[in-house]
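Input: a single structure, listed below in structure tokens.
The values are calculated or read from the model by the stated rules, or taken from the named source; none is laboratory data. Remember, it's a predicted structure, so these values are computed and weren't measured experimentally. Glycine gets a Cβ as well: all are built from the backbone with ideal geometry, and neighbour counts include every protein chain shown. Areas reflect the complete protein model, heavy atoms only, side chains present, ligands, DNA and RNA absent. Shrake-Rupley method; radii C 1.70, N 1.55, O 1.52, S 1.80 Å.
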Amino acid sequence: MPPPPTNEPPLGRPLFLLNLKVYPDCLGPAADRIARTLEELGKAAGVAVAVAPATPDLGRLSTAVGIPVLAQHVDAGPAGPHTGSIPPEAIRAAGASGSLVNHSEHPLTTARVRVTVARLAATELVAVVCAPTVTAARRLASSTPAYLAVEPPELIGGDRSVSTARPEVISGSVAAVHSVAPSVAVLCGAGIHDRNDVRRSLELGAAGVLVASAVTRARSPRDAIEELLAGF
Ligand code: G3P
């Protein structure tokens, strides 16, 4: 994958990042099917896409598709005698491109986020740091990840989108993050379900969206991905 122009974030902008979490219908071969569909439709739409599968699927997916594959969590500790740990070295060895950090379903302390982002950078992996609020986004921006995704936890997995229920969280996070670290690309997530949610998020200044249940709980993941891509 050729490196993007210097001022462009490493996974592209605007970005559609799909977090499969550990939904039962998104594990193993199902994860491959969804990732291949995301790759096909993202290419057809000319939109930068990436996928974050469950950890056991990371290595296989990294070779199965030609889009960036990210871990959902990473441990900052060193590689070595640390059973069950997921250090950056393991993510890199799997062929993945980076990791989510501090997702609200796997929260870290601010100090731990900083160390983790530094460890990912040292391993030449992309960091997508998650923040629950504008204040947290401003605080975490100083770790200068490539991406910072703001996601109000109370909207995650629900019917109301952050772009309609809390638009000020998006615009406020973009302003707050860029006041600290202009190079950080700000994504938003939580309840994003359709093209209007995506379009509104981009209008509010987001550099892309982080989505899960609109696709992972869809009767047709293909239709759901097409609907979301129509908003870019
Ligand atoms: O990582 C993205 C996720 O937390 C958003 O969840 O289901 O509201 O799209 P969802």
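Consider the range 15-34 and keep the residues that are open to solvent by 10 Å² or more (accessible area, probe 1.4 Å), assigned to a loop (DSSP other than H, G, I, E, B) and not charged (D, E, K, R). The one that is farthest from the ligand (Cβ to nearest atom) is Gly28. Here Glu39, Glu8 are screened, and the one residue that is at pLDDT below 95, out of contact with any helix residue (DSSP H, G or I) (no Cβ under 8 Å at 6 or more places or on another chain) and either more than 16 Å from the ligand (Cβ to nearest atom) or under 19 Å from Tyr147 (Cβ atoms) (or both) is Glu8. Any chance you could count how many residues in the range 53-98 are small (Gly, Ala, Ser), in contact with a helix residue (DSSP H, G or I) (Cβ under 6 Å, 6 or more places away or on another chain) and not in a loop (DSSP other than H, G, I, E, B)? Qualifying residue count, the range 53-98: 2. Looking only at residues in the range 103-125 that are open to solvent by 20 Å² or more (accessible area, probe 1.4 Å) and within 16 Å of the ligand (Cβ to nearest atom), which one is farthest from Gln72 (Cα to Cα)? Among those that are open to solvent by 20 Å² or more (accessible area, probe 1.4 Å) and within 16 Å of the ligand (Cβ to nearest atom), it is Leu108. Per the conditions (1) within 14 Å of Val211 (Cβ to Cβ); (2) part of a loop (DSSP other than H, G, I, E, B), the sole criterion not satisfied by Gly12 is (1).
Within the range 99-113, the set of residues being over 10 Å from Pro145 (Cβ atoms) and in a helix (DSSP H, G or I) comprises Thr110, Ala111, Arg112. A count restricted to the range 152-206 and to residues that are open to solvent by less than 20 Å² (accessible area, probe 1.4 Å) and at positive phi stands at 2. Of all residue pairs spaced 6 or more apart or on separate chains, those with beta-carbon atoms under 6 Å, a first member in the range 143-170 that is near the ligand (Cβ under 9 Å from one of its atoms) and a second member that is acidic (Asp, Glu) are Ser161/Asp197.
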